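Structure, as structure tokens:
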Amino acid sequence: MKTTNIESRKRIASLFLIFVALIGALFVRFFWIQVVRGDELAKQALDNRMREIPVKAKRGILYDRNGRELAISVSTDSIYVNPAEIKKAGEEEKTARELAAVLEMDEEKVLSLITSNSSFVWLKRQVDFNVSQQLKELKIDGIGFHEESRRYYPKGTLACHILGISGTDHTGLDGIDLYYEKLIGGQDGKIVIEHDAAGRQIPEAVHRYVSPTEGSDVVLTLDETIQYIVERELDKIVEARQPKAACAIVMDPKTGEILGMASRPNFDPNNYNDFPAKNRRNFAVNNAYEPGSTMKIVTASAAMEEQLVSSQDRFNCPGYIKVGGHRISCSDTVHGHQTFSEVVEHSCNVGFINLGLKMGIDTYYRYLTAFGFGAKTGIDLPGEATGIVMKESQVKQINLATMSMGQTNAVTPIQLVTAASAIANGGALMKPHLLKKVLDGDGNVQKVVEPVKAQQVISKETADELCLILEGVVLNGSGRNAAVEGYRVAGKTGTAQKVGEDGRYLKSEYVASFLGFAPADDPQLVCLVVVDAPKGYPYYGGWVAAPVFKEIISDSLRYLGVPRTVMEEKEEKTPSVAVPDVINLPIDEGIKSLQNAGLNAQVQGEGDVIWGQVPKAHASVKRGSRVVVYLSAVSEQSGQGKVTVPDLEGKSIKEVARILSQLGLHLAPDGYGLAFEQDLAAGQQVSVGSTISVKFQPLE
């Protein structure tokens with residue numbers, strides 16, 4: 001009996017101890033939860049009950065320099081769903097079918113969204129007003145509407161590469177909208193709402209609204225009218241020549257402000273997903289290419305600044321030059337004896353290579369760096385390329401030679417137009433920019449962007465002299481198609497072979513360009529036009545890009561009200577010489593006689609003896625002019641019939657001579673290169689044996 005009582009007491013004591021232990025454990029757990037982790041768990045519980053709905057800030061407006069709206073934000077509804085409420089109604093499939101029909105979405109996708117385990121799901125963002133109204137009329141429980149701002153570009157494709165795009169979440173993805181995201185985007189707000197365990201809003205529960213801060217408005221340097229002119233002319237050349245890409249930039253050389261910039265292909269920023277991603281690439285800023293002869297302005301300015309050459313220094317061009325065992329030819333002809341001004345006008349490779357070699361690698365690279373090549377200009381657009389400049393330590397004489405004429409190195413269009421602006425601005429290199437002013441919501445000016453002078457690259461005297469020389473390119477050289485009536489225009493053409501994927505130059509693809517400014521004596525605008533791989537012939541910069549430049553500059557100057565220049569007759573700078581009589585002379589002796597007189601010979605026909613010449617002997621012509629000598633007899637057939645004058649525009653001297661000789665007509669050439677003017681109009685009837693006077697302009 002005693003033993004039994006002792007065992008019972010032991011059992012009772014054990015149970016009591018276990019009970020005490022459990023109570024102690026519960027107390028410890030209670031203390032741990034309520035005291036130690038109380039604040040943390042309370043916060044988690046609150047977070048579970050609270051739902052945050054983001055409220056996007058309204059993006060700032062983008063204006064052109066005259067206050068015209070280029071990008072704005074408009075209100076639109078975004079549709080969200082509370083799946084718990086949808087499930088409670090028990091008509092998920094019917095609801096999915098109705099929603100899919102109105103929103104034009106896949107029914108299965110809608111069903112998966114409205115039956116998910118989340119408490120908040122976006123169904124579709126930024127829908128049209130009519131779509132929103134149709135959904136509201138359906139009165140479906142669990143469907144909510146949240147007002148958001150959507151970026152809208154009222155001018156459509158105009159300046160699309162500059163303005164950029166804004167995504168569904170109302171953040172900038174490209175262009176100005178991306179570059180100045182912090183400035184334009186503002187700061188988002190939010191709505192905080194308390195829900196129960198089933199995900200339903202609790203009436204009269206905690207609601208909190210954090211208002212967003214609207215973004216600042218921005219005034220750009222762009223001029224909508226000039227931008228329209230630029231894009232209009234680019235569209236014309238794209239339609240006519242179907243290039244792979246094209247771009248044009250108009251810049252104020254005194255301030256570095258970009259007044260117009262466009263690239264092709266383009267896109268509509270309102271519906272950017274409807275266009276290939278490559279269309280959003282800004283050729284003017286993101287692409288590098290070998291500039292060709294437009295780069296010769298750098299060689300010329302450096303040589304003049306170093307006092308290695310003056311405008312009247314004389315050069316001799318035999319049609320080629322040998323550098324380190326390599327033979328480099330001129331673009332189209334033997335230029336013979338010429339002044340430095342004529343070297344620039346004729347875009348003579350031999351002359352520029354001689355200058356580059358005379359300058360040396362160190363000096364040439366010093367000016368490359370000073371003009372900003374091989375580095376970003378700092379323009380306020382994303383993705384700017386640096387170009388490609390060969391390492392100075394790896395440069396050999398042949399590389400320096402090709403650089404001097406615009407090959408080997410690659411530049412971006414914005415780099416090249418900035419460098420040209422320095423020459424147009426008295427040697428002062430200005431930093432290019434697109435931001436002009438920042439405004440607050442009430443239109444008050446918060447910030448004004450002042451022009452930034454990067455450095456003085458060359459002296460004003462050198463710049464002014466080079467401007468006059470470049471004016472000769474438009475008056476007498478390959479840039480005749482860029483001439484604008486009533487204004488003095490300076491510029492340089494460029495035609496560069498494209499480099500293929502294997503690193504070799506392509507035989508059938510070229511980049512045609514023209515770089516110039518006006519008025520030449522007081523430049524107000526600098527413009528660069530680049531056309532990548534135009535189809536058809538001629539493909540030269542003077543024929544493809546120069547006419548585009550002409551229309552852009554002509555309309556822009558008139559729009560800005562720049563006074564027209566009173567054109568004065570200029571004194572004849574090039575001395576005249578008498579054409580020697582070379583008829584009946586052996587070909588070698590005749591050519592030598594012409595060269596001694598400072599004239600260039602163009603040989604037509606076959607044979608050893610000269611039978612005829614144009615111009616005739618003793619005629620007075622400019623030194624450096626072309627004299628055509630015929631090695632076969634030209635029969636006089638005047639009065640033996642009529643022929644129709646052909647259209648000779650764009651054809652070389654050889655082609656023109658061949659066409660006319662087949663018709664029994666004689667050629668009286670003026671200049672060299674490609675035909676751009678003939679005294680007798682195409683389609684006119686003339687007698688066999690008549691002479692047709694044709695003017696030619698250089699290819700480069």
(request) May I ask you to verify whether VAL74 is among the aliphatic types (A, V, I, L, M), surrounded by fewer than 18 Cβ atoms within 10 Å (Cβ to Cβ) and under 30 Å from VAL285 (Cβ atoms)? (result) yes
(request) Check whether at least one residue in the stretch 330-351 is of a type outside the set (Ser, Thr, Tyr), over 18 Å from PRO698 (Cα atoms) and buried (at least 20 other Cβ atoms within 10 Å of the Cβ), and report yes or no. (result) no
(message) I want to confirm something. Restricting to the stretch 661-680 and keeping residues that are modelled with pLDDT of 85 or more and part of a loop (DSSP other than H, G, I, E, B), which single residue is farthest from SER620 (Cα to Cα)?
(response) LEU680
(request) For LYS2, indicate whether it is of a type outside the set (S, T, N, Q), modelled with pLDDT under 75, closer than 27 Å to SER132 by Cα and surrounded by fewer than 16 Cβ atoms within 10 Å (Cβ to Cβ). (result) no
(request) Mind listing whichever residues of the stretch 382-438 are within 17 Å of the chain's Cα centre (by Cα) and either assigned to a loop (DSSP other than H, G, I, E, B) or among the basic types (Lys, Arg) (or both)? (result) PRO382, GLY383, GLU384, ALA385, THR386, GLY387, THR412, LYS431, PRO432, LEU434
(request) Test each condition in (1) in a strand (DSSP E or B); (2) without any contact (Cβ under 8 Å) to a residue 60 or more places away in the chain for LYS278 and report the one that comes out false. (result) (1)
(request) Those residues that are farther than 15 Å from VAL81 by Cα and exposed (fewer than 13 other Cβ atoms within 10 Å of the Cβ), I need them from the stretch 102-139; list them, please. (result) GLU104, ASP106, GLU108, ASP128, PHE129, ASN130, GLN133, GLU137
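Yes or no, residue by residue, for (1) over 26 Å from the mean Cα position of the chain (by Cα); (2) surrounded by 24 or more Cβ atoms within 10 Å (Cβ to Cβ); (3) at pLDDT 90 or above; (4) over 18 Å from ALA419 (Cβ atoms):
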| site | (1), (2), (3), (4) |
| --- | --- |
| GLU465 | yes, no, yes, no |
| VAL473 | no, yes, yes, no |
| ASN476 | yes, no, no, yes |
| VAL484 | no, no, yes, yes |
| GLY503 | no, no, no, yes |
| SER513 | no, yes, yes, no |
(request) Go through the stretch 640-669 and give me each residue that's of a type in the set (D, E, K, R) and surrounded by 19 or more Cβ atoms within 10 Å (Cβ to Cβ). (result) LYS651
(message) Every residue in the stretch 61-104 that is in a helix (DSSP H, G or I) and in contact (Cβ under 8 Å) with a residue 40 or more places away in the chain, please.
(response) PRO83, ALA84, GLU85, ILE86, LYS88, ALA89, THR95, GLU98, LEU99
(message) With the structure loaded, tell me whether ASP464 is in the same structural domain as LYS236 (by TED's automatic domain parsing) and assigned to a loop (DSSP other than H, G, I, E, B) or whether it fails that test.
(response) no
(request) Look through ALA375, ALA422 and report the one residue that is without any contact (Cβ under 8 Å) to a residue 24 or more places away in the chain and either of a type in the set (A, V, I, L, M) or farther than 28 Å from GLY624 by Cβ (or both). (result) ALA375
(message) I'd like the full set of residues that are at pLDDT below 95 and within 17 Å of ALA420 (Cα to Cα), limited to the stretch 343-368.
(response) VAL344, GLU345, SER347
(request) State the number of residues belonging to the stretch 358-381 that are assigned to a helix (DSSP H, G or I) and surrounded by fewer than 17 Cβ atoms within 10 Å (Cβ to Cβ). (result) 5
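The values are calculated or read from the model by the stated rules, or taken from the named source; none is laboratory data. If you're wondering where the values come from, they're calculated on a predicted model, not measured in any experiment. Glycine also receives a Cβ, built like all others from the backbone with ideal geometry; neighbour counts cover every protein chain displayed.
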